[in-house]
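For reference, the structure discussed in these notes is given below.
The values are calculated or read from the model by the stated rules, or taken from the named source; none is laboratory data. Computed from a predicted structure; not experimentally measured. For neighbour counting, all protein chains shown are included, and Cβ atoms are generated from backbone atoms with ideal geometry for every residue, glycine included. All accessible areas refer to the heavy atoms of the entire protein, side chains included, with ligands and DNA or RNA removed. Shrake-Rupley method; radii C 1.70, N 1.55, O 1.52, S 1.80 Å.
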Amino acid sequence: MDPAMPSQELIRSLTDEHVLRALMQHRRLTRAELATEIGISKPTAGESVRRLAERGLVTDTGERTPGGRGRGRVGSYYALAPDVGVALAVVIAPEGVVAERLDIYGDTVARAVRPVDCPTRPSQAAEALQAAAGEVLAASGQPVRLAVVSAADPVDRATGRLVQLPDSPFLVGDLDPVAILAPHVAGTVVVDNDVNWAARAESGTGHDFCYLFLGEGLGCAIVSDGEVRRGHTGLVGEIAHLLTVGPGGRAIPFIEVFTELSLRRPGSTAINVERLLTSDAGTRAAVGEAVGGAVAAVIALADPQEIVVGGAWGPALVDDIRAQTARMPRSVPVRAADLTGEPVLSGVRAEALSRLRSVITANS
């Protein structure tokens, strides 16, 4: 919408946007229902429906309200046109590549999964991504407006390429999701790392917090003023090499704590989650102390309102972590993440739906 457009045209444009968003929420409405929902007159609602139908964004469903014999006039139900477009949501993780096709209502209308080895080769990850995306987009019959991608690796903010860092358990640093998906997508391809997407899914209240992801790898997202902070190159929150308290009270890189405690998978940089969760109280306390040291650094630099702990093993050790942070001079509340089932995919889906709806309303 151009703020400089004539006032009447601006009002019409705003009305059309409200009509579209009402239909996105309710799926189908009559002109009378649209008028009530938006707070406009029935003639104004009817004119908006007519304009949007001419642009191919709204269609008459063919369904009618009951009418006649004192029950009022028959009303026609209107809905978004079936070809307004879809979005692609993708998660690239050690478990494999998941791709979903989302419609304008947020429904997953197609899903594909492709396994990968861990650690994987960039070529294998690229093939899995290409295959999964191709499957869910085959015969969709609608334009793919955009794609939103999560990767279990650092992501370069400027290019969307994955960045290979030492001790990352999922080494696909040469992967370029933007280049792979661009031929399938009419609009933008947005790429970010998995921890940032999980934090976005958790940030319903919009306050300042630190999201610790403690799983096979170590990650952190900083949410400030309701926004995930990414930094100059997108590497904010890469905490694996922060100095913390190791066994015997020595200062060592955070990731090395798990080597010293024999909690890494053989021949891999990945943390052995099963072994950690079944370890003795002393080992868990040592891990909690190490996490506490990392948290202290985050508190000193980011000043969060609270610490949210997610990942495969983080919530199980939240009491150990809380015991360490409670003794800090600048202690903040520590809690387990609310979202435990597919938090990364939840964040990706929400962003894909929001962007898809914005694209459709921008065309009104």
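Between Arg157 and Ala251, 0.36 nm times their residue separation minus their Cα-Cα distance comes to what?
30.7 nm
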P(r) histogram, all alpha-carbon pairs of the stretch 217-342 included - 10 Å bins from 0, percent: 12, 45, 35, 7, 0
Highest-fluctuation residue, Ala198, Ala281, Ala240 considered, GNM on the chain with Cα pairs under 10 Å: Ala281
Accessible surface of the chain [probe 1.4 Å, protein heavy atoms]: carbon and sulfur percent: 51 percent
Nitroxide proxy distance, nm - points 7 Å out along Cα→Cβ at Asp303 and Thr340: 3.4 nm
Rg ratio (alpha-carbon, reference 2.2 N^0.38 Å) - the chain: 1.19
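Taking the solvent-accessible surface of protein heavy atoms with a 1.4 Å probe, what is the per residue accessible area of the chain in Å²?
Result: 45 Å² per residue.
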Estimated distance in nm for a label pair at Arg275 and Arg73, the labels positioned 7 Å out from Cα along Cα-to-Cβ: 7.5 nm
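If packing is taken as the mean number of other Cβ atoms within 10 Å per residue, what is the order of 257-263, 190-196, highest first?
Per-residue mean Cβ counts within 10 Å order the peptides as 190-196, 257-263.
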Cα gyration tensor shape of the stretch 151-308, rounded if a/c is under 1.5, else prolate or oblate by comparing a/b with b/c: oblate
